[in-house]
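Asks: Below are the structure tokens for one structure; questions will follow.
The values are calculated or read from the model by the stated rules, or taken from the named source; none is laboratory data. Since the model is a prediction, treat every value here as computed from it, not as a measurement. Cβ placement follows ideal geometry from the backbone for every residue including glycine, while neighbour counts extend to all protein chains displayed. Keep in mind that these areas ignore ligands, DNA and RNA; they rest on the heavy atoms of the full protein, side chains included. Shrake-Rupley method; radii C 1.70, N 1.55, O 1.52, S 1.80 Å.
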2 protein chains.
Amino acid sequence: MDENIGFIGTGVMGASMAGHLLQAGKKLSVFSRTRAKAEPLLSRGAAWADSPAALAKTCDVVFTIVGFPKDVEEVYLGASGLVANMRPGALLVDMTTSRPDLAVRIASAAAEREGQAIDAPVSGGDKGAREATLTIMVGGGREAFDRALPLLQIMGKNIVHQGPAGSGQHCKMCNQIAIACNMIGVCEAMAYARKAGLDPENVLKSIGAGAAASWSLSHLAPRMLKGDFAPGFYVKHFIKDMSIAAESADQMALDTPGLDLALALYRKLAAQGGEDSGTQALCKLYA
Amino acid sequence: MDENIGFIGTGVMGASMAGHLLQAGKKLSVFSRTRAKAEPLLSRGAAWADSPAALAKTCDVVFTIVGFPKDVEEVYLGASGLVANMRPGALLVDMTTSRPDLAVRIASAAAEREGQAIDAPVSGGDKGAREATLTIMVGGGREAFDRALPLLQIMGKNIVHQGPAGSGQHCKMCNQIAIACNMIGVCEAMAYARKAGLDPENVLKSIGAGAAASWSLSHLAPRMLKGDFAPGFYVKHFIKDMSIAAESADQMALDTPGLDLALALYRKLAAQGGEDSGTQALCKLYA
């Protein structure tokens with residue numbers, strides 16, 4: 001394929017993902033707010049673009065994974081953004097976890113420019129990005145999905161088309177809601193164990209493999225017990241995701257008391273200075 | 001071994017568990033509030049005892065798995081109960097999920113009679129009981145644990161000594177707390193998926209194997225989606241367990257907002273007539 005591929009956002013996730021595209025022999029242009037973060041890719045042969053607009057003008061397919069919905073909005077819908085400058089027929093793929101309603105707006109703005117835009121947020125963290133085993137949840141037209149699929153397969157494994165524009169983001173919200181509520185349970189179970197004078201490691205031996213089993217219990221409870229609060233996934237990003245989920249639920253008139261509780265607890269943790277910790281730091285509230 | 005083994009409580013769980021002891025060639029006496037439930041065991045060679053007292057007088061080791069803490073209290077500490085009538089040196093093993101503080105009282109009452117009592121609640125449900133794969137969480141003296149172990153191994157697999165009397169119950173509470181909070185997340189994720197117009201089965205394909213993965217998401221969400229609310233584990237029993245956990249947490253001055261929310265939601269479900277449903281029926285509150 002001689003398509004020009006663009007990649008915007010070369011943070012921890014994006015750098016690995018773009019690296020896989022390079023590795024697969026794709027012709028890659030990159031833009032990142034902080035050029036230094038793109039240097040390893042540039043030294044491996046990627047071209048530098050000075051702005052989203054410059055990148056859009058030369059690329060057939062553009063991937064983005066940036067920070068917050070406001071960054072997505074600027075990169076896509078700003079005056080020097082992707083949509084205003086996209087090639088006719090180009091495909092834009094936002095892999096940021098962002099607002100479903102923004103994804104819908106971007107998709108229709110791209111359609112007006114005779115292009116395509118899909119939302120394709122991921123889960124699997126830095127490890128999944130590094131090992132190209134990300135789960136990718138896609139919202140958008142079927143044709144655009146089919147077109148993106150061979151490229152997404154270079155970055156991930158479990159790639160599911162969830163429905164029209166915004167559906168990828170909605171699916172990611174389901175993921176975050178399930179995690180959020182479960183994290184409360186993991187923290188409360190471990191706090192209860194300590195208070196009751198049990199050895200929490202021993203408790204994990206009893207409860208880790210039955211009906212209470214979960215990824216968080218297996219992977220994050222042991223870090224809690226060690227006092228290892230290094231970020232696999234940042235509290236501040238989790239709060240962003242949960243805020244989006246809570247707003248979307250509100251718009252759909254869905255009560256989510258569990259999500260609301262998790263969001264309140266994580267905001268309390270952030271207010272106590274925990275926003276740059278990993279999500280397992282929630283257990284500090286129970287100490 | 002020529003020990004006489006007693007078994008009290010031949011409901012769904014107890015009938016399977018006692019059956020494994022018989023199968024292993026143990027000399028077994030049984031008592032159950034409803035004699036009819038013990039008949040299959042009697043026809044396989046178990047002896048019938050007319051009361052806990054009658055059983056205690058002839059047995060060296062007695063297992064119990066009854067309904068609620070008040071049943072445990074009556075069976076153990078009532079005038080015609082196990083402790084008042086136990087043989088010197090006998091071992092009593094309560095496998096009911098019950099109050100940790102009651103387990104402590106029973107253990108010290110048994111010690112006063114020169115016997116031993118341990119708490120050994122289980123998880124794994126009717127399937128675990130049938131297949132002898134139960135997780136068994138044990139609280140009590142080490143010597144009593146070692147004495148019970150070969151018999152417990154006939155009924156279960158993952159058998160861990162969690163500490164002194166009451167510790168088995170406390171560990172079971174940790175298990176139930178983790179499940180309770182997670183169930184909220186599973187329900188809210190599935191409700192969100194539906195409201196957002198996604199296909200929830202498809203959402204499970206995306207979120208079922210990553211950081212949101214849990215036993216409940218894999219095993220109970222599919223039942224929710226099918227509208228299958230048959231009890232694997234009864235709402236009314238889960239409410240009992242969560243109530244004990246909440247009271248224990250209260251006694252230890254531990255705040256558990258997630259558990260409290262789950263308990264409130266399940267009580268609401270029970271008030272709407274759901275107490276004989278399986279715990280997955282919680283999703284009805286989000287319909």
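Asks: Looking at this structure, is B:Arg87 over 20 Å from the mean Cα position of the chain (by Cα), within 14 Å of chain A (Cβ to nearest Cβ) and of a type outside the set (Val, Ile, Thr)? Full working, then the answer.
Replies: Details: over 20 Å from the mean Cα position of the chain (by Cα): yes; within 14 Å of chain A (Cβ to nearest Cβ): no; of a type outside the set (Val, Ile, Thr): yes.
The answer is no for B:Arg87.
Asks: Using the structure shown, decide if B:Leu263 is in contact with a Ser or Thr (Cβ under 7 Å, 6 or more places away or on another chain) and either within 15 Å of B:Ala178 (Cβ to Cβ) or assigned by TED's automatic domain parsing to the domain that holds B:Gly208 (or both).
Replies: Working: in contact with a Ser or Thr (Cβ under 7 Å, 6 or more places away or on another chain): yes; either within 15 Å of B:Ala178 (Cβ to Cβ) or assigned by TED's automatic domain parsing to the domain that holds B:Gly208 (or both): yes.
Criteria met by B:Leu263.
Asks: Across the range A:13-56, which residue is surrounded by the most Cβ atoms within 10 Å (Cβ to Cβ) among those that are in a loop (DSSP other than H, G, I, E, B) and small (Gly, Ala, Ser)? Walk me through it before giving the result.
Replies: Going through the range A:13-56, the residues in a loop (DSSP other than H, G, I, E, B) turn out to be A:24-26, A:32-34, A:44-46, A:49-51.
When the remaining residues are screened for being small (Gly, Ala, Ser), the result is A:24-25, A:32, A:45-46, A:49, A:51.
On the way: A:Ala24: 16, A:Gly25: 10, A:Ser32: 21, A:Gly45: 10, A:Ala46: 24, A:Ala49: 22, A:Ser51: 16.
Ranking the candidates gives A:Ala46 first.
Asks: Hey, any hits in the range B:107-115 for a residue that's open to solvent by 30 Å² or more (accessible area, probe 1.4 Å), more than 18 Å from B:Ala53 (Cα to Cα) and among the polar types (S, T, N, Q)?
Replies: Initially, the range B:107-115 is screened for residues open to solvent by 30 Å² or more (accessible area, probe 1.4 Å), giving B:108, B:111-114.
If we keep only those that are more than 18 Å from B:Ala53 (Cα to Cα) too, we end up with B:108.
Okay, now just the ones that are also among the polar types (S, T, N, Q), so B:108.
For the range B:107-115, residues open to solvent by 30 Å² or more (accessible area, probe 1.4 Å), more than 18 Å from B:Ala53 (Cα to Cα) and among the polar types (S, T, N, Q): present.
Residue by residue, here is whether (1) facing chain A (nearest Cβ under 7 Å); (2) open to solvent by 20 Å² or more (accessible area, probe 1.4 Å); (3) of a type outside the set (Gly, Ala, Ser); (4) at negative phi holds:
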residue: B:Gln176; (1), (2), (3), (4): no, no, yes, yes
residue: B:Ala180; (1), (2), (3), (4): yes, no, no, yes
residue: B:Val186; (1), (2), (3), (4): yes, no, yes, yes
residue: B:Ala189; (1), (2), (3), (4): yes, no, no, yes
residue: B:Gly197; (1), (2), (3), (4): yes, yes, no, no
residue: B:His219; (1), (2), (3), (4): no, yes, yes, yes
residue: B:Pro222; (1), (2), (3), (4): no, yes, yes, yes
residue: B:Phe229; (1), (2), (3), (4): no, yes, yes, yes
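Asks: Hey, another quick one. Within the set of pairs 6 or more residues apart or between chains, which connect a residue that is in the same structural domain as A:Gly278 (by TED's automatic domain parsing) and in a helix (DSSP H, G or I) inside the range A:227-239 to a residue that is buried (at least 18 other Cβ atoms within 10 Å of the Cβ) and among the β-branched types (Val, Ile, Thr) with Cβ atoms less than 9 Å apart?
Replies: A:Val235/A:Thr279; A:His237/A:Thr97; A:His237/A:Thr279; A:Phe238/A:Ile179; A:Phe238/A:Thr279
Asks: In addition: So, in the range B:200-209, of the ones that are surrounded by fewer than 21 Cβ atoms within 10 Å (Cβ to Cβ) and at the interface with chain A (Cβ under 7 Å from one of its Cβ atoms), which residue ends up farthest from A:Ala196 (Cα to Cα)?
Replies: Once the filter is applied, the top-ranked residue is B:Asn202.
Asks: Still on this structure: How many residues are over 26 Å from A:Gly25 (Cα atoms), open to solvent by less than 10 Å² (accessible area, probe 1.4 Å) and of a type in the set (Gly, Ala, Ser) when one looks only at the range A:153-174?
Replies: The number of residues fulfilling the criteria is 3.
Asks: Hey, does the range A:129-138 have a residue that's touching a Ser or Thr at 6+ places or on another chain (Cβ under 6 Å) and assigned to a helix (DSSP H, G or I)?
Replies: The initial filter retains those residues of the range A:129-138 that are touching a Ser or Thr at 6+ places or on another chain (Cβ under 6 Å), namely A:129-130, A:135, A:137.
Narrowing further to those that are assigned to a helix (DSSP H, G or I): A:129-130.
Within the range A:129-138, one or more residues are touching a Ser or Thr at 6+ places or on another chain (Cβ under 6 Å) and assigned to a helix (DSSP H, G or I).
Asks: Would you mind finding the one in B:Val104, B:Val122 that is surrounded by fewer than 24 Cβ atoms within 10 Å (Cβ to Cβ) and in contact (Cβ under 8 Å) with a residue 40 or more places away in the chain?
Replies: On the way: B:Val122 fails: surrounded by fewer than 24 Cβ atoms within 10 Å (Cβ to Cβ).
Every option except B:Val104 fails the conditions.
Asks: Shifting gears a bit: Quick check on A:Ala129: is it hydrophobic (A, V, I, L, M, F, W, C), free of Cβ contacts under 8 Å to residues at least 24 places away in the same chain and either surrounded by fewer than 18 Cβ atoms within 10 Å (Cβ to Cβ) or more than 23 Å from B:Gly197 (Cβ to Cβ) (or both)? Can you show your working first?
Replies: Working: hydrophobic (A, V, I, L, M, F, W, C): yes; free of Cβ contacts under 8 Å to residues at least 24 places away in the same chain: no; either surrounded by fewer than 18 Cβ atoms within 10 Å (Cβ to Cβ) or more than 23 Å from B:Gly197 (Cβ to Cβ) (or both): yes.
Spelling it out, it is not the case that A:Ala129 is hydrophobic (A, V, I, L, M, F, W, C), free of Cβ contacts under 8 Å to residues at least 24 places away in the same chain and either surrounded by fewer than 18 Cβ atoms within 10 Å (Cβ to Cβ) or more than 23 Å from B:Gly197 (Cβ to Cβ) (or both).
Asks: (1) open to solvent by 20 Å² or more (accessible area, probe 1.4 Å); (2) hydroxyl-bearing (Ser, Thr, Tyr); (3) without any contact (Cβ under 8 Å) to a residue 12 or more places away in the chain: which one isn't true of A:Tyr286, the others all being true?
Replies: Condition (3) is where A:Tyr286 drops out.
Asks: Right, next: Does A:Pro150 satisfy the criteria of being open to solvent by 50 Å² or more (accessible area, probe 1.4 Å), modelled with pLDDT under 95 and either closer than 16 Å to A:Met137 by Cβ or more than 7 Å from every other protein chain (Cβ to nearest Cβ) (or both)? Walk me through how you get there before you give the answer.
Replies: Working: open to solvent by 50 Å² or more (accessible area, probe 1.4 Å): yes; modelled with pLDDT under 95: no; either closer than 16 Å to A:Met137 by Cβ or more than 7 Å from every other protein chain (Cβ to nearest Cβ) (or both): yes.
So A:Pro150 fails the test.
Asks: Here is a further query. What residue, of B:Asp260, B:Asp241, B:Asp276, B:Asp255, is within 13 Å of chain A (Cβ to nearest Cβ), within 17 Å of the chain's Cα centre (by Cα) and at pLDDT 95 or above? Steps first, please.
Replies: Details: B:Asp260 fails: within 17 Å of the chain's Cα centre (by Cα); B:Asp276 fails: within 13 Å of chain A (Cβ to nearest Cβ); B:Asp255 fails: within 17 Å of the chain's Cα centre (by Cα).
Testing whether each residue is within 13 Å of chain A (Cβ to nearest Cβ), within 17 Å of the chain's Cα centre (by Cα) and at pLDDT 95 or above leaves just B:Asp241.
Asks: If you go through the range B:57-89 one residue at a time, how many are of a type in the set (Val, Ile, Thr) and assigned to a helix (DSSP H, G or I)? So that I can check it myself, show each step before the final result.
Replies: Here is the first cut: in the range B:57-89, the ones of a type in the set (Val, Ile, Thr) are B:58, B:61-62, B:64-66, B:72, B:75, B:83.
From what is left, the residues that are assigned to a helix (DSSP H, G or I) are B:58, B:72, B:75, B:83.
Qualifying residue count for the region: 4.
Asks: Check A:Thr58, A:Thr64 and return the single one that is β-branched (Val, Ile, Thr), at pLDDT 95 or above and under 17 Å from A:Leu149 (Cα atoms).
Replies: Values: A:Thr58 fails: under 17 Å from A:Leu149 (Cα atoms).
None of the other options fit; the residue is A:Thr64.
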